[in-house]
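Data block below; observations after.
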Amino acid sequence: MTQIEDAKKGIITGEMKFIAEREGIKAEELRKNVAKGYTVIFRNLVHERVKPVAVGMGVRVKVNANIGTSRDIANVEEEIEKARIAVRYGADTIMDLSTGGDLDKIRREIMRAVDVPVGTVPIYQAAEEMLAKGKAIIEMSEDDMWNAVEKHFKDGVDYATIHVGVTKEVVEKMKRVKRTVGMVSRGGTFLAAWMIHWESENPFYKDYDYLLELAKEYDVVLSLGDGLRPGGLPDAGDELQMSELFTLGRLVRRAREFGVQTMVEGPGHVPIDQIPMQIKIAKVATDNAPFYVLGPLVTDIFPGYDHIAGAIGGAIAALNGADFLCYVTPAEHLGLPDREHVRLGVIATKLAAHAVNLTRFEEEWRRDYTMSLARGSLDWEKQFKFAVDKERFDEIRKNRPTSTEACSMCGELCAIRLINDMLRKKGEADEAYL
């Protein structure tokens, strides 16, 4: 049975026990949230070495890192190293978004290289296989699409983005609703173009129950994709985005009845003041399904720094109920990210997630509290121990043009050192503090 089916029957699975211990929560509370569909567990039944991860209500905000080849750059070893870097710096899951090279080999190699859950977008493979044959993407058959989905599920992917909400109805709306940026989702665009060309309904929407059967067989979490997410601030919250969102809400309920775990993907580019409202609308529309956001990016004019724009939006989104943050790298909108871009993207997004997690989990708060104590006593060894990016910490410390125990910013004028010295002289120092 799937995790949600077991949970509904009152069964606490091995995966639930593992996650509960890791999260520091009660297994019974986790079971209840999984039963309701408020929390999902990533763990394909045939993905053997993966450590299950939970996303949703009652657990920590999680971080995903996207990697993958392009048709221009298809270096398998490079993508494997990016995956390892992402996990090293705190990514809870990896998504392989490869569109170039031997996609089957790349996916399987990445899954062997890391022990975190792996997600994919199967429609990418169906589209790439058309191009490899010298055909247009719109020449895909329905069987081509379904074969890609089944292949990914059989390979053990733990969650998959399927753009089920890009329906014929919403594609018709696209003809009259003018957008500044248009449609930016690759998978959603492949399907929309196919539907316009063939004047047919989205196969994943038309035969949604068949998709549920496939997902149920492997207990794959369906990540209901946001094909109409805003690709620029002016498009945030428009009719297209909201129409798709409410369709996804209906599909979430159907999946729960069927015994399939689902989460919903969200924006995108959203002005900072709109983020709380958008998250709340999404949670109501999808009956508290786990919500997975890309960013959201809070400004469009800082290319090269989109990892910061995304971290700002991600922190606000998570504080208001988003459960899963997809990282954004400095290369977003500019090119394929390299290893350093991946590292910076993960760290920025992990920072955003942790900023919210420490307000909810005492263990997370204690880490920051201990770092504060170490800073208060200028204990650099302890500060190094609790720093997330130790390499960066060490690099900056070693390059200081000073030998004082304080940092070179203040040197002899260090406020912490001055007051600590004074307290020591007066015999009033608190040893726990110092």
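If you go through the stretch 24-50 and keep only what is within 27 Å of Pro337 (Cβ to Cβ) and either in contact with a Ser or Thr (Cβ under 6 Å, 6 or more places away or on another chain) or surrounded by fewer than 16 Cβ atoms within 10 Å (Cβ to Cβ) (or both), you end up with just Arg49. Scanning the stretch 335-378 for residues that are charged (D, E, K, R) and farther than 30 Å from Leu418 by Cβ yields Asp338, Arg339, Glu340, Arg343, Lys350, Arg360, Glu362, Glu363, Glu364.
The number of residues in the stretch 104-133 that are among the small types (Gly, Ala, Ser) and under 22 Å from Phe324 (Cα atoms) comes to 1. Residues of the stretch 379-392 include at least one that is within 23 Å of the chain's Cα centre (by Cα), open to solvent by 70 Å² or more (accessible area, probe 1.4 Å), closer than 28 Å to Gly58 by Cβ and among the aliphatic types (A, V, I, L, M).
Suppose the filter is at pLDDT 95 or above and under 30 Å from Leu319 (Cβ atoms); does Lys82 pass it?
Numbers: at pLDDT 95 or above: yes; under 30 Å from Leu319 (Cβ atoms): yes.
It is true that Lys82 is at pLDDT 95 or above and under 30 Å from Leu319 (Cβ atoms).
Please count how many residues of the stretch 135-152 are open to solvent by 60 Å² or more (accessible area, probe 1.4 Å) and either in contact with a Cys (Cβ under 8 Å, 6 or more places away or on another chain) or not in a helix (DSSP H, G or I) (or both). Can you show your working first?
Here is the first cut: in the stretch 135-152, the residues open to solvent by 60 Å² or more (accessible area, probe 1.4 Å) are 135, 139, 143, 147, 151.
With the extra rule that they be either in contact with a Cys (Cβ under 8 Å, 6 or more places away or on another chain) or not in a helix (DSSP H, G or I) (or both), the set shrinks to 135.
Counting residues in the stretch 135-152 that are open to solvent by 60 Å² or more (accessible area, probe 1.4 Å) and either in contact with a Cys (Cβ under 8 Å, 6 or more places away or on another chain) or not in a helix (DSSP H, G or I) (or both) gives 1.
Restricting the stretch 1-23 to residues that are open to solvent by less than 10 Å² (accessible area, probe 1.4 Å) and of a type in the set (Gly, Ala, Ser), the residue that is farthest from Leu224 (Cα to Cα) is Ala20. Within the stretch 342-372, restricting attention to residues that are surrounded by fewer than 18 Cβ atoms within 10 Å (Cβ to Cβ) and among the polar types (S, T, N, Q), the residue that is farthest from Asp92 (Cα to Cα) is Ser372. Restricting the stretch 92-106 to residues that are of a type in the set (Asp, Glu) and outside any helix (DSSP H, G or I) leaves a set whose member that is most open to solvent (accessible area, probe 1.4 Å) is Asp102.
In the stretch 188-216, the residues that are closer than 26 Å to Leu45 by Cα and touching a residue at least 40 places away in the same chain (Cβ under 8 Å) form Cβ pairs under 9 Å with partners that are surrounded by fewer than 19 Cβ atoms within 10 Å (Cβ to Cβ) and basic (Lys, Arg), at six or more places apart or across chains, as follows: Tyr205/Lys168; Tyr208/Arg254; Asp209/Arg254; Leu212/Arg254. Contact map, the stretch 52-67: first residue under 20 Å from Pro296 (Cβ atoms), second residue open to solvent by less than 10 Å² (accessible area, probe 1.4 Å) and of a type in the set (Lys, Arg), Cβ cut-off under 9 Å, separation 6 or more or different chains; pairs are Ala65/Lys82.
Quick test for you: out of Val166, Val171, Val184, pick the one residue that is in a loop (DSSP other than H, G, I, E, B) and closer than 21 Å to Asp144 by Cβ.
Working: Val171 fails: in a loop (DSSP other than H, G, I, E, B); Val184 fails: closer than 21 Å to Asp144 by Cβ.
Of Val166, Val171, Val184, the one residue that is in a loop (DSSP other than H, G, I, E, B) and closer than 21 Å to Asp144 by Cβ is Val166.
For the stretch 158-178, check the following and say yes or no: at least one residue is surrounded by 23 or more Cβ atoms within 10 Å (Cβ to Cβ), at pLDDT 95 or above and among the aromatic types (Phe, Trp, Tyr). Yes, because at least one residue in the stretch 158-178 is surrounded by 23 or more Cβ atoms within 10 Å (Cβ to Cβ), at pLDDT 95 or above and among the aromatic types (Phe, Trp, Tyr).
Collect the residues in the stretch 79-91 that are open to solvent by less than 30 Å² (accessible area, probe 1.4 Å) and at negative phi, keeping them in residue-number order.
Filtering the stretch 79-91 down to residues open to solvent by less than 30 Å² (accessible area, probe 1.4 Å) leaves 79-80, 82-83, 85-86, 89-91.
Matches in the stretch 79-91: Glu79, Ile80, Lys82, Ala83, Ile85, Ala86, Tyr89, Ala91.
Inclusion of Leu336 among residues that are closer than 20 Å to Arg84 by Cα and either over 23 Å from the mean Cα position of the chain (by Cα) or among the aliphatic types (A, V, I, L, M) (or both) is warranted.
The values are calculated or read from the model by the stated rules, or taken from the named source; none is laboratory data. Just so it is clear, the model here is predicted, and its values are computed rather than measured. Every residue, glycine among them, receives a Cβ derived from its backbone with ideal geometry; neighbour counts consider all protein chains shown. For accessibility, only protein heavy atoms count, side chains too; no ligands or nucleic acids. Shrake-Rupley method; radii C 1.70, N 1.55, O 1.52, S 1.80 Å.
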